[in-house]
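Values in this text are rule-based calculations from the coordinates and carry no lab data. Everything numeric here is computed off the predicted structure, so don't read it as measured data. Cβ coordinates were reconstructed from backbone atoms using ideal geometry, including for glycine residues, and neighbour counts include every protein chain displayed.
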Ligand SMILES: Cc1cc2nc3c(=O)[nH]c(=O)nc-3n(C[C@H](O)[C@H](O)[C@H](O)COP(=O)(O)OP(=O)(O)OC[C@H]3O[C@@H](n4cnc5c(N)ncnc54)[C@H](O)[C@@H]3O)c2cc1C
């Protein structure tokens, strides 16, 4: 039987060799003490592989062949309810039947207790078949896991230690409904005047004397926003900015005793879109709608980042699934399409496009696996620190590990979201190109991939927002600890100059170029800052040097944020691949292809960063 897992050698390599499952499984199985849990990594891994086989087969045989129905049967609004297309309903029911909404929930809450990384792998398989189905499914299991995580973090989950198990959790009704496949959730942030700029959110939340809250406002572009459970960010405090926002769990309806719906919110519309058509994108209005506060007042943005981090990693895997579909379609077409005496895959330019597509996918998959691994370990270690009885020394060690995983996840996640979503657009465009005229025709299905891909660089934080995050974190880390930055830079220079393996030298050169870009941007930033001191009294210079105004001081860095992100992402991928080569020399070929593509573009990006910018910034300054 066809399976999107079975036919994917690169993915199988990760599951069998590349992923270090041990810490993930150990933490997921409560340090091997979970009731009915796995007692050995290989046992667990075999089970995970069976799940991937089943999902891969379902994706290949029950979803992918229905791409046209999924693309054309748009969800619509009828009498206040959103009606999904028939194919979408049937396919989603099949995925629920497979048990996916509860895949990562603990066994004691009706779940399969699999690591989150397995969820991400299923995401790639399903996205290869249809990305909008994959996105809708994400709002099932993903939201149930988020509800549990929030409850654990705010201390409203009860945990028994012998044997370890959860005995009760605040959002149990929401989690159980989703786990059983009877409901799903959504993430309601965007408003007509607040997209990237979440500080502009106007939806209000008012506290009631009994401790409940009432929400009023409108949210737009909400994926799967026609479900019952809404994680809503609203303004609960006076004053501007992100500190005035809180997160609420809001049911769009409650059930009456006869099983009828008592509406608490109103679905106002469903968008017609370029692609992503099996997924409903909904406008929802809250009018004195009751909600429960999640966590503390004013910490909504912080809570949302947890959801967002997972969601951004998930977009990385969605992008990979779609890119894999595009590459395979292009490869199959090129192998049988004759032109000028050869099939087109034998023509140099097409051969290079095809190899480039594969290389990008393999490189980005390496980064995706690392980002997901670090993010999950950081989260689960945080939970273990909060709930496991630990000796002082074990706690100190776990704390240090948690910090390091969180740091790496924070560094990798925006790079992954940026590079994967941009690559998916480019790879699907190339698939259209390789198909020639047939690619532009609906019947072939590749133009759908391009339409679907174009949302990746927009949702869950646009590419520009990812780049700003990566740039700010990178530059601020260097400003805060210049000595550590200088040490890292010297190590990279040394490896680029003298490592015995030429491949190691090339990978190090990518890091050197990223560091040169950082150094250039920092030196410009400091020159500007020092120059500005002329306008201030000497007594305030120390204070001036400590305070940074991102809008004023980071102009050049903001302008070049995407280029810097590209440099950082290329170097990060090479670093991950180099580690793989150390473990398994068969991965050398992927790294060879990656550095061959990344080195010239890193030179180009560095050149742009060091030679352009002041003219445009001066023009912007004049307009200010
Ligand atoms: C299919 C789809 C599904 C979606 N699902 C959800 C969902 O489930 N939940 C939800 O809350 N939202 C959802 N969204 C909304 C999405 O998250 C926003 O569209 C996105 O965050 C961008 O916001 P915006 O549309 O207001 O664009 P804007 O913020 O107005 O941005 C417009 C352009 O300006 C750029 N830009 C903005 N600010 C800056 C800056 N400071 N520096 C540089 N460039 C900048 C952006 O990168 C972008 O290119 C969805 C959108 C779509 C299309």
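Mind jotting down the distance between the C-alpha centroids of segment 370-426 and segment 137-189, whole Å?
After rounding, the separation between the Cα centres reads 20 Å.
Give me the percent relative contact order of segment 1-93, please, defined on Cα pairs under 8 angstrom at least 6 residues apart.
30 percent
Report the gain in length on full extension from residue 31 to residue 340: 0.36 nm times residue separation, minus Cα-Cα distance, nm rounded to one decimal. Numbers along the way, then the final one.
Details: separation 309, 0.36 × 309 = 111.24 nm, distance 6.23 nm.
That works out to 105.0 nm of additional length.
Mind jotting down the distance between the C-alpha centroids of segment 19-47 and segment 1-16, whole Å?
Each part's Cα centre sits 21 Å from the other's.
Between rounded, prolate and oblate, where does segment 184-298 land on the alpha carbon gyration tensor, with a ≥ b ≥ c its root eigenvalues, rounded for a/c under 1.5, else prolate if a/b exceeds b/c? Show your work: numbers first, answer last.
Numbers: a/c = 2.21, a/b = 1.10, b/c = 2.01.
Oblate.
Taking a ≥ b ≥ c as the square roots of the eigenvalues of the Cα gyration tensor of segment 132-244, is the shape rounded (a/c under 1.5), prolate (a/b larger than b/c) or oblate?
oblate
Return the FRET efficiency for the residue pair residue 81, residue 498: r is the Cβ-Cβ distance, R0 is 60 Å, and the value is rounded to the nearest 0.05.
Efficiency computed from Cβ-Cβ geometry: 0.35.
Quick check on the exposure proxy: order 545, 558, 247, 369 from fewest to most C-beta atoms within 10 angstrom. Numbers along the way, then the final one.
Numbers: 545 13, 558 19, 247 31, 369 26.
By the 10 Å Cβ count, ascending, the order reads 545, 558, 369, 247.
Mind checking the full-extension length gain between residue 607 and residue 533? Use 0.36 nm per residue of separation minus the Cα-Cα distance, one decimal, nm.
On the way: separation 74, 0.36 × 74 = 26.64 nm, distance 2.94 nm.
Here the segment from residue 607 to residue 533 would lengthen by 23.7 nm.
Can you give me the C-alpha center-to-center distance between segment 461-491 and segment 91-110, rounded to a whole angstrom?
Measuring centre to centre over Cα atoms gives 39 Å.
Could you give the length gained by full extension between residue 617 and residue 540, i.e. 0.36 nm per residue of separation minus their alpha carbon distance, to one decimal place?
Contour length minus the Cα-Cα distance gives 25.0 nm.
Pop the C-beta distance of residue 480 and residue 89 into the FRET formula with R0 = 41 Å and round what comes out to the nearest 0.05. Before the final figure, lay out each step's value.
Details: r = 52 Å, r/R0 = 1.26.
After rounding, the FRET efficiency stands at 0.20.
Rank these for me by crowding, 425, 592, 55, 573, going from fewest to most other beta carbons within 10 Å.
Listing 425, 592, 55, 573 from fewest to most nearby Cβ atoms yields 592, 425, 55, 573.
Percent relative contact order of the chain, based on C-alpha pairs within less than 8 angstrom and at least six residues apart?
Across the chain, relative contact order equals 11 percent.
Once you put a point 7 Å from the Cα of residue 22 and another 7 Å from the Cα of residue 107, both along the Cβ direction, what distance in nm separates them?
Modelled inter-label distance: 2.3 nm.
Considering Cα pairs under 8 angstrom that are at least six residues apart, work out the relative contact order of segment 300-461 and quote it in whole percent.
Averaging sequence separation for qualifying contacts and normalising by length gives 33 percent for segment 300-461.
For a quick check: sort 562, 124, 237 by the number of other beta carbons within 10 angstrom, fewest at the front.
Numbers: 562 19, 124 29, 237 14.
Fewest-to-most Cβ neighbours within 10 Å comes out as 237, 562, 124.
Tell me the label-point distance for the pair residue 172, residue 47, using the 7 Å Cα-to-Cβ offset, in nm and rounded to one decimal.
Going by the 7 Å Cα→Cβ label model, 2.4 nm.
How much of the DSSP bridge set in the chain is antiparallel, in percent, rounded to the nearest 5?
Percentage antiparallel, nearest 5: 90.
With the Cα gyration tensor of the chain giving a ≥ b ≥ c as the square roots of its eigenvalues, does the rule (a/c under 1.5 for rounded; else a/b larger than b/c for prolate; else oblate) give rounded, prolate or oblate?
Rounded.
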